[in-house]
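For reference, the structure is listed below as structure tokens.
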2 protein chains.
Amino acid sequence: MYSDFFNFEVIKTSKDNLARAGLFSTPHGIIETPIFMPVGTNSAVKMLTNDQVLNAGAQIILANSYHMYLRAGCDLIKTAGGLHNWMNFHKPILTDSGGFQVFSLSKLRKITPEGVYFQDPKNGSKHFISPEISMKIQEDLGADIIMAFDECAPYPCNYEQARNALDKTKKWLEICYNAHKNYSQALFPIVQGAHFDDLRRESAQFVSKFDAAGYAIGGVSVGEPTEIKNHITQITAPLLPFDKPRYLMGVGTPVDLINGVKFGIDMFDCVLPTRNARHGTFFTYEGNKIIKNKQFEYDFSPLDKRCDCYTCKNHTKAYIRHLYKTQEATAATLLSIHNIHFLIKLAHNLRQSIIEGTFEKYSSELMDGFLKQEADRA
Amino acid sequence: MYSDFFNFEVIKTSKDNLARAGLFSTPHGIIETPIFMPVGTNSAVKMLTNDQVLNAGAQIILANSYHMYLRAGCDLIKTAGGLHNWMNFHKPILTDSGGFQVFSLSKLRKITPEGVYFQDPKNGSKHFISPEISMKIQEDLGADIIMAFDECAPYPCNYEQARNALDKTKKWLEICYNAHKNYSQALFPIVQGAHFDDLRRESAQFVSKFDAAGYAIGGVSVGEPTEIKNHITQITAPLLPFDKPRYLMGVGTPVDLINGVKFGIDMFDCVLPTRNARHGTFFTYEGNKIIKNKQFEYDFSPLDKRCDCYTCKNHTKAYIRHLYKTQEATAATLLSIHNIHFLIKLAHNLRQSIIEGTFEKYSSELMDGFLKQEADRA
């Protein structure tokens, strides 16, 4: 029974919308929701050590099954005692199913009713992942939360494509569900259905029938406009079980987090904070800024005066700008720390405001700040 | 007077050789010698944050005047309140004169009796650095220890080249000495003379006449064989004042540190630990090893079992190897932490053995270990 290992409790809901604060307990610790989860693609959050990830406030991180399966390989991770021992990271870990990367990164993929044939883009080696194999991979990796193997339709796509992808996703979920027997790893089903309301509703109702410790909404952040992303989230999230955590996959920006929480989402992940950092962009409560801009040359203030991350407590924009311009990796490290901390802290603060009953006011003030730059530009 | 700001005390000498343990107090703190100083070329130790540098045991770091002069520029650093505030690093800092980089990195340099004309290799801009200008740059940067502007002859070079470079170095030292009036920054003269014993002796005697808080040996680690490096150090170090710290510039390896300490050197710096790390090589008490080697694929032991750095306390060779092979920057960070800590700890342990009267035995045991691989290969 999942309830032997996982428990989710909604401790407070907003009176104005579907936002909720919760506690999600897992075999490796309790997660306060809403939560932002940093992504450790290759079993390390890019540019960072575990210390830095934990000091940035991370309560749970992701690793990518697709990457770990290809390199380092499941046998090595399993021999090491699973991802927690492998990485020496002893808080909750979530692995995705590999499906999203197979579709987005691989060459020569061939989708069959049984699974997906693909080539490793780095060395051309051939592979096949089915729902059963994805479960086996994720069991070898040993994360606390594992994801069903699904087909994520691209954006844009037509109704038939979305219908076919959803049908496969439904069938594959049943296979995953039957294949996975280890209740110390929570298997999250995934809602698909692209941007078609009826398919999304059908998918949400379908996955809700499965006894699971949490449910995910996939097929977002695949290139669709923000309005569509919000619409999908808004119509889907409330159809998922109230008493289980809801995870919006691959999302997102500070604005996305506020919207998602408002629609009843509890968990978020995205490579954006670390990817942005490597490209010199950082989050602030006044919107995204670009560190190499000339305006910061003599700016001896922190990236954001309201931020209490390691970077903001210790360094100035002028210093980080210099490191970035001279291609010192430390710049990307400092910006990554800030960006990850920013989203984790944002989720934490939204949670506090839900508990204190001020979410509506607090989140709309934040939203004004995040959208300020866009308004200034218009 | 330098003695208002700097003090060096030899607290113990070896009975078998010239090794000594000392305490060097500076405006930003006391340095225990022998010491290894990590290099922060562009005002950051490559791949690392200050936290990681300090946790690796650093008591003092270097920054490069040449790089800081070209980018970020002295005005910016001065406006920030000097390097300590700029970097938010409040332990001792040493800057070199810029001379070595002008000779090794710049294009179209022209050396005149007054100074050096050169072009920035990145953008072609033209510059001139003289002894006076080097002093001004280093005063703007505000490090605790600053270096005389010298001419470093290449290896190999003939006697005439070495003679000319030394003559300029002597004249330039007088100019530096007269130009520098801020006793809260210790100006270290530099011994040159290439691999010619008489020139080295002449230079050592010349610099020793200047009242300084410490003295450096330059023109080593420029491509010469280890035997020549050792010989230069061995004949030069004892000619420098006993009661002042002696700094062997740009050195070195674990073996170099042991040799240098034995010859009476107190301070070392080198980019090797961080450069090696970025290329996947790490120090061990059994010699250098290469992380990507297949033999480490399933090796769940730390980089070195005797090491207590963050990396060795937390991660395995197998994990770091995977990160290195998947080009995760975290691998270079973890290896940099280890390599820097390794040299700092080595210098610390040598110091302890001097204090305890066991240096000769301890250092020769270490040397056997470091040279083990070479012996195994032979």
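So, in segment A:55-80, exactly how many residues are of a type outside the set (A, V, I, L, M, F, W, C) and facing chain B (nearest Cβ under 8 Å)?
Within segment A:55-80, residues that are of a type outside the set (A, V, I, L, M, F, W, C) and facing chain B (nearest Cβ under 8 Å) number 3.
Output the residue which, of all residues in segment B:84-108 that are away from chain A (no Cβ under 14 Å) and loosely packed, with under 15 Cβ neighbours inside 10 Å, is farthest from A:HIS322 (Cα to Cα).
B:LEU108
From A:LEU62, A:LEU76, A:LEU70, A:LEU54, which residue is touching a Phe, Trp or Tyr at 6+ places or on another chain (Cβ under 9 Å), touching a residue at least 12 places away in the same chain (Cβ under 8 Å) and on the phi < 0 side of the Ramachandran plot?
The conditions single out A:LEU54.
Search segment B:306-318 for residues being in contact with a Phe, Trp or Tyr (Cβ under 7 Å, 6 or more places away or on another chain) and not in a loop (DSSP other than H, G, I, E, B), and hand back the single one that is farthest from B:ILE31 (Cα to Cα).
So the residue we want is B:ALA318.
Give me the residue from segment B:26-54 that is more than 9 Å from every other protein chain (Cβ to nearest Cβ) and outside any strand (DSSP E or B) and, out of that set, surrounded by the most Cβ atoms within 10 Å (Cβ to Cβ).
B:PRO34
Please indicate, with yes or no, whether at least one residue in segment B:370-377 is at negative phi, touching a Ser or Thr at 6+ places or on another chain (Cβ under 7 Å) and assigned to a helix (DSSP H, G or I).
Within segment B:370-377, none of the residues are at negative phi, touching a Ser or Thr at 6+ places or on another chain (Cβ under 7 Å) and assigned to a helix (DSSP H, G or I).
Among the residues of segment A:250-301, what is the count of those that are under 17 Å from the mean Cα position of the chain (by Cα) and among the polar types (S, T, N, Q)?
Within segment A:250-301, residues that are under 17 Å from the mean Cα position of the chain (by Cα) and among the polar types (S, T, N, Q) number 4.
Between A:ILE355, A:ILE320, A:ILE344, A:ILE337, which is crowded, with 21+ Cβ neighbours inside 10 Å, at pLDDT 95 or above, of a type in the set (Val, Ile, Thr) and closer than 20 Å to A:THR33 by Cβ?
The conditions single out A:ILE344.
Do any helices (runs of 4 or more DSSP H) lying entirely in segment A:197-305 carry at least 2 residues that are under 16 Å from A:ILE35 (Cβ atoms) and in contact with a helix residue (DSSP H, G or I) (Cβ under 6 Å, 6 or more places away or on another chain), and which ones are they?
Here the list reads A:254-262.
For A:LYS305, are the conditions met, namely being within 20 Å of the chain's Cα centre (by Cα) and either free of Cβ contacts under 8 Å to residues at least 12 places away in the same chain or away from every other protein chain (no Cβ under 14 Å) (or both)?
In short, no.
Based on this model, can you work out whether B:LEU371 counts as farther than 28 Å from B:ILE30 by Cα and more than 11 Å from every other protein chain (Cβ to nearest Cβ)?
When the stated conditions are applied, B:LEU371 passes them.
Being of a type in the set (Lys, Arg) and more than 23 Å from A:LEU366 (Cα to Cα) is the filter here, so list the residues in segment A:214-267 that pass it.
Hit for segment A:214-267 is A:LYS244, nothing else.
Return the residue satisfying two criteria in turn: it lies in segment A:1-25 and is of a type in the set (Ser, Thr, Tyr) and assigned to a strand (DSSP E or B), and of such residues it is farthest from B:GLU328 (Cα to Cα).
Ranking the candidates gives A:THR13 first.
May I ask you to list pairs of residues, at least six apart or on different chains, whose Cβ atoms are under 6 Å apart, with the first in segment B:197-225 being under 30 Å from B:ASP4 (Cβ atoms) and the second being at pLDDT 95 or above and of a type in the set (Asp, Glu)?
B:GLY218/B:ASP150
The values are calculated or read from the model by the stated rules, or taken from the named source; none is laboratory data. Bear in mind that the values here come from a model prediction, so they are computed numbers and not experimental data. We place every Cβ from the backbone using ideal geometry, glycine too, and count neighbours over all the protein chains shown.
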